[in-house]
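*Asks:* Have a look at this one before I ask anything.
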Amino acid sequence: MRTAPESARRPERRPAALLAILLVAGAACSGGGVEEEMLSRFFRSIEQEDRMTLSGVSMVDFPGGAAASWEILEIGAEASGPYRIPELRAEVTSGERRRDDQFQVLYAFRRGNAEAINAIAARRERDPEARIGGRLGEIEEAWEAHQAERRRLVTTLSEAQMALEAERRRTERGLLREAPVDYLTGSVREKEVMVRVHEVDAGPRDYRFTLFRYDLVNQFESEVPSRWLIVGIEPARADE
């Protein structure tokens with residue numbers, strides 16, 4: 001276990017300089033390591049309101065209160081997965097194609113049944129609850145199905161686009177130099193670190209920190225320098 005000296009119980013907030021010393025001690029007492037170094041920089045930058053340093057180590061804010069000290073309880077096994085931007089770009093391209101194809105189907109149906117659709121709309125305006133049967137009822141049902149499919153495809157595409165943009169931002173933050181992230185290839189390393197944070201006003205609480213690092217190469221097979229980045233912080237459940 002890597003620990004930081006627990007602060008003495010005091011009703012008043014500690015001076016910033018002393019808090020910074022206590023937070024750095026989390027790394028110093030444990031003999032180093034990327035996890036301790038990152039946590040030290042993370043909590044120190046929060047205490048000093050150093051947003052520039054904080055942005056270089058984390059993409060997320062700390063959800064707890066002011067920290068007097070911290071200690072690492074457990075470092076999870078490192079896992080590796082594929083770099084997702086190529087996959088996400090393919091999903092967006094496919095989603096755009098399905099949306100556009102379905103729009104053509106919707107447009108053709110609208111043109112072929114314009115008179116009936118206008119009649120249905122007029123009847124619904126007079127009586128939204130009216131029961132429409134026969135041929136008009138069949139057309140209304142098909143028209144609503146086409147519209148529902150259109151909404152589903154637009155929503156699916158929007159979600160894929162947001163996922164792609166989020167991954168682009170995370171990749172750009174994790175690299176040590178600018179690179180065309182859409183055209184890189186490689187993998188992503190991930191690990192979880194369980195941390196007990198001794199908060200000034202709430203006492204000890206456990207949090208799960210998620211760390212990412214990209215192992216990528218460009219179109220010329222040259223390695224793109226990267227760094228570990230905190231991408232998630234969640235309060236730990238009581239049974240963990």
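*Asks:* Given labels modelled 7 Å from the Cα in the Cβ direction, how far is it in nm from residue 80 to residue 165?
*Replies:* Taking the simple label geometry, residue 80 and residue 165 are separated by 3.3 nm.
*Asks:* Further question on the same structure: Measure of size requested: the Rg and Dmax of region 177-217, with Cα atoms as the atom set and Å as the unit; please supply both.
*Replies:* 16.6, 47
*Asks:* Let me ask another. Kyte-Doolittle cut-off -1.0, length cut-off 30 Å along the helix's own axis using Cα: show which whole DSSP H helices in the chain pass.
*Replies:* Span-like helices in the chain: 85-112.
*Asks:* Counting only DSSP beta bridges with both residues in the chain, what percent are antiparallel, rounded to the nearest 5?
*Replies:* Values: 36 of 37 bridges.
If I count the DSSP bridges inside the chain, around 95 percent turn out antiparallel.
*Asks:* Mean-square fluctuation check for the chain, GNM, Cα pairs under 10 Å: which of 195, 224, 34 is largest?
*Replies:* Of 195, 224, 34, the Gaussian network model singles out 34 as fluctuating most.
*Asks:* Just 194, 52, 162 to compare: in a GNM of the chain, with alpha carbon springs under 10 Å, which one fluctuates most?
*Replies:* Highest fluctuation among the options: 52.
*Asks:* In whole Hz, what ³J(HN,Hα) sequence does region 73-80 give by Karplus (6.51, -1.76, 1.60; θ = phi - 60°), x for Gly and Pro?
*Replies:* Once rounded to whole Hz, the list reads 8, 7, 10, x, 5, 7, 10, 10.
*Asks:* Further question: Please state the relative contact order of the chain as a whole percent: Cα pairs under 8 Å, 6+ residues apart?
*Replies:* On the way: 368 pairs, mean separation 59.1, N = 240.
Taking the mean separation of contacting Cα pairs over the length of the chain, I get 25 percent.
*Asks:* With a 1.4 Å probe and all protein chains in place, put 205, 227, 131, 237 in order of accessible area, largest first.
*Replies:* Working: 205 115, 227 75, 131 210, 237 145 Å².
Ranked list, largest accessible area first: 131, 237, 205, 227.
*Asks:* Now for a separate question. Over region 96-207, calculate the relative contact order: mean separation of alpha carbon pairs under 8 Å at least 6 apart, over the residue count, as a percent. Could the numbers behind the result be given before it?
*Replies:* Details: 47 pairs, mean separation 22.4, N = 112.
RCO, region 96-207: 20 percent.
*Asks:* Additional query: How big is D for region 44-191, in µm² s⁻¹ as a whole number, if Stokes-Einstein is applied with the Kirkwood radius of its Cα pairs at 10 °C and 1.306 mPa s? Please list the in-between numbers first.
*Replies:* On the way: Rh = 20.6 Å.
Once the numbers are plugged in, D ends up at 77 µm²/s.
The values are calculated or read from the model by the stated rules, or taken from the named source; none is laboratory data. This one's a predicted model, so the numbers in the text were calculated from it and none came from an experiment. Because the Cβ atoms are built from the backbone with ideal geometry, glycine has one as well, and the counts that use them run over all protein chains shown. Side chains are part of the model used for accessible areas, which takes the heavy atoms of the whole protein and leaves out ligands, DNA and RNA. Shrake-Rupley method; radii C 1.70, N 1.55, O 1.52, S 1.80 Å.
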